[in-house]
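*Asks:* Before anything else, here's the structure in question.
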Amino acid sequence: MYAFKYTQVGSVDDAVKAAGSADDAKYVAGGMTLLPTMKQRLASPSDLIDLGGVSQIKGIRKDGNNIVIGAMTTHAEVASSPDVRSAIPALASLADGIGDPQVRNRGTIGGSVANADPAADYPAAVVGLGATVHTNKRTIGGDQFFTDMFETALEEGELITAISFPIPSKAAYTKFPNPASRYAIVGVMVAQAADGVRVAVTGAGPKVFRQGDMEAALKSNFTADAIKGVKVSADGLNADIHAGADYRAHLVGVMAGRAVSAC
Amino acid sequence: MTVNVSMNVNGKTVSADVEDRTLLVTYLRENQRLTGTHVGCDTSQCGACVVHVNGKSIKSCTMLAVQAAGAEVSTIEGVANGDELHPMQEAFRDNHGLQCGFCTPGMVMSALDLVKTNPDPSETEVREWLEGNLCRCTGYHNIVKSILAGAKAMRGA
Ligand SMILES: Cc1cc2nc3c(=O)[nH]c(=O)nc-3n(C[C@H](O)[C@H](O)[C@H](O)COP(=O)(O)OP(=O)(O)OC[C@H]3O[C@@H](n4cnc5c(N)ncnc54)[C@H](O)[C@@H]3O)c2cc1C
Ligand code: FES
Ligand code: FES
């Protein structure tokens with residue numbers, strides 16, 4: 001890891017200010033992605049601004065029909081939160097299936113969403129539950145947030161403060177995990193959300209996407225049988241040593257069917 | 001940049017001048033000479049470096065020493081009571097839970113975190129909990145047996 005300057009801040013304003021006045025700063029949240037990336041020298045920021053002390057963006061609250069989760073809330077906290085478990089059990093179990101206990105004790109929802117790994121779990125929840133991403137300057141709809149592989153709508157220095165999830169009437173998340181890392185080879189969130197049926201797929205393509213044909217089929221008949229006949233094209237899907245594009249396309253159907261049955 | 005970092009390790013306040021980029025595991029091993037915490041992979045996967053920071057198990061190869069400034073840290077060296085092994089350590093010895101022993105400090109620290117929130121885990125829960133701890137000698141069955149026995153001994157059963 002190349003040398004950098006470390007700064008600890010206590011508020012969102014101070015974090016944004018510190019990042020703005022540095023050469024090439026990065027926020028560090030749980031560090032579970034950023035530090036390994038820096039060790040590999042794939043990232044070499046001049047400054048790390050540690051959000052660990054920014055208590056205003058930590059924690060979970062129920063706000064009307066929404067569960068609002070602060071960006072610095074760890075995966076373990078989401079998984080064990082009574083509010084999340086009772087309002088959106090699918091989200092709690094998604095968080096509980098990320099990596100391993102030590103990753104969950106450090107890794108945060110804000111870091112995961114900002115990082116936009118194509119195989120990460122949370123993007124399926126942000127899109128599949130129709131969430132809203134709150135930043136230090138605006139709100140961004142979940143459907144608009146992820147723009148490409150590791151790319152988001154966030155601007156330079158923009159900081160995620162919280163993510164609010166509208167409580168669905170039903171939802172379930174099913175993933176086919178990579179046996180080593182637990183990242184999703186394919187993960188599907190299915191929900192009966194306030195704005196209709198949502199089917200969001202992570203792991204299969206360069207970024208999370210909605211499966212429109214399945215959403216249409218489920219709208220009139222919310223059963224696993226209703227999507228059995230839906231063809232998923234392998235065009236543009238990821239292919240790597242873990243799974244080819246055809247296999248991923250097949251898994252989208254299987255995972256979506258299981259998620260609907262689990263709803 | 002060099003900074004002075006102090007923290008409480010196994011009940012004792014310690015400090016050292018380190019670089020901003022110094023990892024917690026390096027601070028423990030090289031500055032504090034607590035070499036029981038191991039580095040197996042350095043890529044956040046193997047769990048040989050697991051210690052507790054403010055009561056929670058974390059991978060010390062993926063946390064900066066400065067991030068643990070002022071924290072309560074416990075390592076494998078703080079687990080035994082003098083010459084008397086902790087029941088979880090004793091269980092690893094009794095159940096042949098280690099072969100070369102390289103992964104053992106991380107296994108024990110991880111197990112102690114599990115038992116804190118789940119004093120009577122099922123075998124499945126132990127196996128799921130060990131997702132982040134790899135044993136290159138592949139002695140998983142006896143590690144699981146050890147943890148179940150250690151948890152039982154800790155419950156006083
Ligand atoms: C062994 C292992 C297994 C894993 N398995 C899984 C898995 O199964 N599923 C999964 O989804 N993930 C997995 N992960 C990734 C894990 O969930 C990370 O915690 C997550 O990707 C990043 O969160 P973090 O808080 O650690 O962020 P960091 O690593 O601190 O930061 C990641 C990026 O986000 C930026 N950032 C952080 N917080 C903010 C913010 N509030 N606003 C704007 N930008 C911000 C940082 O600048 C950085 O670019 C795994 C990681 C490891 C090491
Ligand atoms: S050395 Fe830290 S996880 Fe392997
Ligand atoms: S006992 Fe050798 S690595 Fe686990």
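The values are calculated or read from the model by the stated rules, or taken from the named source; none is laboratory data. Quick caveat: nothing in here was measured; it's all calculated off a predicted structure. As a convention, Cβ positions derive from the backbone with ideal geometry for all residues, glycine included, and neighbour counts pool all protein chains shown. Just so you know, the surface numbers come from the protein's heavy atoms only, side chains and all, with ligands and any DNA or RNA stripped out. Shrake-Rupley method; radii C 1.70, N 1.55, O 1.52, S 1.80 Å.
*Asks:* With N set to the number of residues, divide the alpha-carbon radius of gyration of the stretch B:1-111 by 2.2 N^0.38 Å and report two decimals. Kindly include the intermediate steps, with their values, before the conclusion.
*Replies:* On the way: Rg = 13.8 Å, N = 111, 2.2 N^0.38 = 13.2 Å.
In units of the 2.2 N^0.38 Å rule of thumb, it is 1.05.
*Asks:* Let me check the size of the protein assembly as shown from its C-alpha atoms; what are the radius of gyration and Dmax in Å?
*Replies:* In Å, with Rg to one decimal and Dmax whole: 22.0, 69.
*Asks:* What residue among A:Q102, A:Y2, B:Q67 has its Cα farthest toward the positive end of the dipole of the protein assembly as shown, where the charges are +1 on Lys, Arg and -1 on Asp, Glu, each on the Cβ?
*Replies:* Of A:Q102, A:Y2, B:Q67, it is A:Q102.
*Asks:* Between A:S233 and A:S169, what's the calculated FRET efficiency when r is the beta-carbon distance and R0 is 35 Å? Round to 0.05.
*Replies:* The value I calculate is 0.75.
*Asks:* Using Cα-only point scatterers and the Debye equation, what is log10 of I(q)/I(0) for the stretch A:36-135 at each q in 0.10 Å⁻¹, rounded to two decimals?
*Replies:* Treating every Cα as an identical point scatterer, log10 I(q)/I(0) equals -0.28.
*Asks:* Amide H neighbours of A:Y6 under 5 Å, counting only residues 5+ apart in sequence or on other chains, H built in-plane at 1.01 Å?
*Replies:* Amide H to amide H, under 5 Å and 5 or more residues apart or across chains, A:Y6 pairs with A:L48.
*Asks:* For chain A, what relative contact order do you get, as a whole percent, if you take Cα pairs closer than 8 Å and at least 6 residues apart? Don't skip to the answer; put the middle values down first.
*Replies:* Numbers: 601 pairs, mean separation 39.3, N = 263.
So the answer I get is 15 percent.
*Asks:* If you don't mind, there's one more thing I want to ask. Determine the shielding of peptide B:54-63 by partner chains: average, over its residues, the number of Cβ atoms on other chains within 10 angstrom of each Cβ.
*Replies:* The mean count of partner-chain Cβ atoms within 10 Å per residue comes to 5.
*Asks:* Please report the relative contact order for the stretch A:80-236, taking Cα pairs under 8 Å with a sequence separation of at least 6, and give it as a percent rounded to a whole number.
*Replies:* About 22 percent, as a whole number.
*Asks:* Test of understanding: what is the full-extension gain from A:K5 to A:D225, defined as 0.36 nm times their sequence separation minus their Cα-Cα distance?
*Replies:* Fully extending the segment from A:K5 to A:D225 adds 73.6 nm.
*Asks:* Okay, moving on. Counting Lys and Arg as +1 and Asp and Glu as -1, what is the net charge of the other residues whose Cβ lies under 13 Å from the Cβ of B:C46?
*Replies:* Local net charge: -1.
*Asks:* Pick from B:S60, B:S74, B:S122: which is most flexible by mean-square fluctuation in a GNM of chain B where alpha carbon atoms under 10 Å apart are linked?
*Replies:* B:S122
*Asks:* Also, quick follow-up: Enumerate the calculated ³J(HN,Hα) couplings along the stretch B:37-51 in order (Karplus 6.51 cos²θ - 1.76 cosθ + 1.60, θ = phi - 60°), each rounded to whole Hz, writing x wherever the residue is Gly or Pro.
*Replies:* 7, 9, 10, x, 10, 6, 10, 6, 10, 8, x, 5, 9, 5, 9
*Asks:* Next question, about the same structure. Explain nothing, just the number: dipole magnitude of the stretch A:126-225 about its Cα centre with +1 on each Lys and Arg Cβ and -1 on each Asp and Glu Cβ, in debye rounded to the nearest 20. Let's see the in-between values first.
*Replies:* Working: 9 positive and 10 negative charges, 67 e Å.
Dipole magnitude for the stretch A:126-225 comes out near 320 debye.
*Asks:* Given the C-alpha atoms of the stretch A:5-50, compute the convex hull and give its volume per residue in Å³. Could you put the intermediate results ahead of the total?
*Replies:* Details: hull volume 2.8 nm³, N = 46.
Residue-normalised Cα hull volume stands at 60 Å³.
*Asks:* Top to bottom by accessible area (1.4 Å), largest first, where do B:M1, A:M32 land?
*Replies:* B:M1, A:M32
*Asks:* Please work out the C-alpha center-to-center distance from the stretch A:5-25 to the stretch A:143-220 and express it in whole Å.
*Replies:* The stretch A:5-25 and the stretch A:143-220 have Cα centres spaced 30 Å from each other.
*Asks:* Over the stretch B:1-119, with every protein chain in place, what whole percent of the accessible area is carbon and sulfur at 1.4 Å, could you tell me?
*Replies:* Answer for the stretch B:1-119 is 45 percent, counting heavy atoms of protein chains only.
*Asks:* Residue separation times 0.36 nm, minus the C-alpha to C-alpha distance between B:T43 and B:M1: what's the value?
*Replies:* Working: separation 42, 0.36 × 42 = 15.12 nm, distance 2.39 nm.
Contour length minus the Cα-Cα distance gives 12.7 nm.
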